[in-house]
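Since every read-out is calculated from the coordinates, none of them should be taken as a lab result. All figures in this text were calculated on a predicted structure; none of them were measured in a lab. With ideal geometry, Cβ positions are generated from the backbone for all residues, glycine too; neighbour counts draw on all protein chains shown.
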Amino acid sequence: MTERLIRSAATAFSSRMQETVESACRPIDEWLLAHRSVLVGIRRHLHMHPESSGEERETSLYLAERLAEVGVESRVLRDGLGVVADASIGTPGPDAVRVALRADIDALEIADGKTVEYRSCHEGLMHGCGHDVHSTVVLGVAMAVAEHGDCEGPGVHLRYLFQPAEEICLGAKWLVEQGVLEGVDAILGLHVDPERPAGEVGVRSGALTAHCNEVIIHVRGQGGHAARPHQSRDPIAATVELAAALYALLPRGVDSRHASVFSIGRIHGGTVTNVIPDEVEILGSLRTVAPGDDKVLKERILEISAGVASMTGTQIDVVFRRSLEAVRNDPDITGTIERAARMVLGDAAVKRIELPSLGGEDFSVYQQQVPGSMFRLGTRTPDGNLLHTPEFDIDEDSLVPGARILIRAALLWGMADRTKEGLPETVIGDDDGGGG
């Protein structure tokens, strides 16, 4: 009987909280829906003017100017890279939390292969990973809140983070060094998903992406004439043996139920057809999900390299660089995002992601400081072109729902953080349960 009463009280509390959030969001929703074309215009401007990682100064100025137009004071960060701004929704009390909303802003060194009017103006650069979308969604939140965030009732503080250099795994580190997480209690992020339709989102508690390492290998031998390999220690032959051994043996180095992958992206050695070179360089990546697997496989790479070096009479040096932790979504915050998405899109449109991606994402750097969660926003187009391809594009009907979900998630988290004290955490967890 007591348990039933507790559950009833929790359900009633949850319903009241949801009603409060919906009331606060109503004018914000109306603004977003009425200004859909504005968001589309912002996204297309960003898509037309991409900047590579560590060079996003014009993008940063543009975002700061758009914030200033609606009265939001912002700060352009070190070297003109990135923007941070604070705001509030409702009437935050003295113990109100601050939720950060993060968007990355850099583009990829890929030539835009589309023929649309908003194709990239910068040759060899394009927004092929959707960072123009992420920036537009968070900017849309900021603009809508600036117009209609002064609603009655409980509120939450917000911090908008527009981050450079995600593609080179440095931007989040730079922002943390500059103190952007000071006073932040939680962080929310999103990533476009071209394999889901607009109007659908994916959520997952726990590992969402992989732990990533760059692997740089130098194979050093003794060059010579191609006609007399017996007079050399051929680094090309050693490289062939090493690549085959790594591909064959690394998958057997950890539990076969654990996702992991080692891939070689570049092999460079030699300049002409009739000369055996002195050295070959191999560039690759190692990606794992289960904690500890990266350490095991790094050791195996070193062991295999030493074995091949001994067998071929070469010297093989291995360096692991730019280690990036996996994005591990906080269960409670993921549950909050899931609820927010259901409020906006309905139950059927919210899917739980069953398996983590083996991609990398430096959102994980923030999660090492504060709890956070990232969700996947469906953006599929009829052509179905995927991330990091020259024809990548999005369904722009995804922009407004993305902003509406972020606003609700921030409000729900802010209210729950203040009010769930005294209610059984497992009861709230039952209602908010994150993906598996």
Protection-proxy order for peptides 332-338, 381-387, each taking the mean of Cβ atoms within 10 Å per residue, highest first:
332-338, 381-387
Can you list which of the DSSP-assigned H helices in the chain have a Cα extent of 24 Å or more along the long axis and an average Kyte-Doolittle score of at least -0.5?
2-34, 131-148, 293-312, 399-419
Need the full-extension length gain, ARG26 to TYR247, defined as separation in residues times 0.36 nm minus the C-alpha distance. One decimal, nm.
74.1 nm
Hey, rough spin-label estimate for GLU299 and GLU73, points 7 angstrom out along Cα→Cβ, what's it come to in nanometres?
5.4 nm
For a quick check: with amide H placed at 1.01 Å from N, whose amide H comes under 5 Å from ALA100's, ignoring anything fewer than 5 positions away on the same chain?
ARG159, ASP185, ALA186, ILE187, LEU188
Rank by packing, highest mean first: peptides 22-28, 346-352, 400-406, with packing defined as the count of other Cβ atoms within 10 Å averaged across residues.
400-406, 22-28, 346-352
Residues GLU325, GLU166, GLU123, sorted so that the one with the fewest Cβ neighbours within 10 Å comes first:
GLU123, GLU325, GLU166
Arranged by the count of other C-beta atoms within 10 angstrom, fewest first, what order do VAL215, VAL38 take?
VAL38, VAL215
What residues have an amide H closer than 5 Å to that of THR209, excluding those fewer than 5 places away on the same chain, when H is modeled at 1.01 Å from N in the peptide plane?
VAL327, SER357
Under the 7 Å Cα-to-Cβ spin-label approximation, SER15 and ILE216 lie apart by a distance in nanometres of 6.1 nm
Treating every alpha carbon of segment 46-102 as one equal point scatterer without solvent, the Debye formula yields log10 I(q)/I(0) values at q = 0.16, 0.21, 0.23 Å⁻¹ of -0.60, -0.86, -0.96
Ranked from highest to lowest mean number of other Cβ atoms within 10 Å per residue, what is the order of the peptides 97-110, 179-192, 303-316?
97-110, 179-192, 303-316
Whole-Hz ³J(HN,Hα) for each residue in segment 267-277, computed from phi via Karplus 6.51 cos²θ - 1.76 cosθ + 1.60 with θ = phi - 60°, x for glycine and proline: what do you get?
10, 9, x, x, 9, 9, 6, 10, 10, 6, x
Sort ARG36, ARG339 by Cβ crowding within 10 Å, fewest neighbours at the top.
ARG36, ARG339
Phi to ³J(HN,Hα) by Karplus 6.51 cos²θ - 1.76 cosθ + 1.60 over segment 352-357, Hz, x for Gly, Pro
8, 6, 7, 10, x, 7
Ignoring everything except DSSP H segments at least 4 long, calculate the 222 nm mean residue ellipticity for the chain; use -39,500 (n - 2.57) per segment, divide by total residues, nearest 500.
-12500 deg cm²/dmol
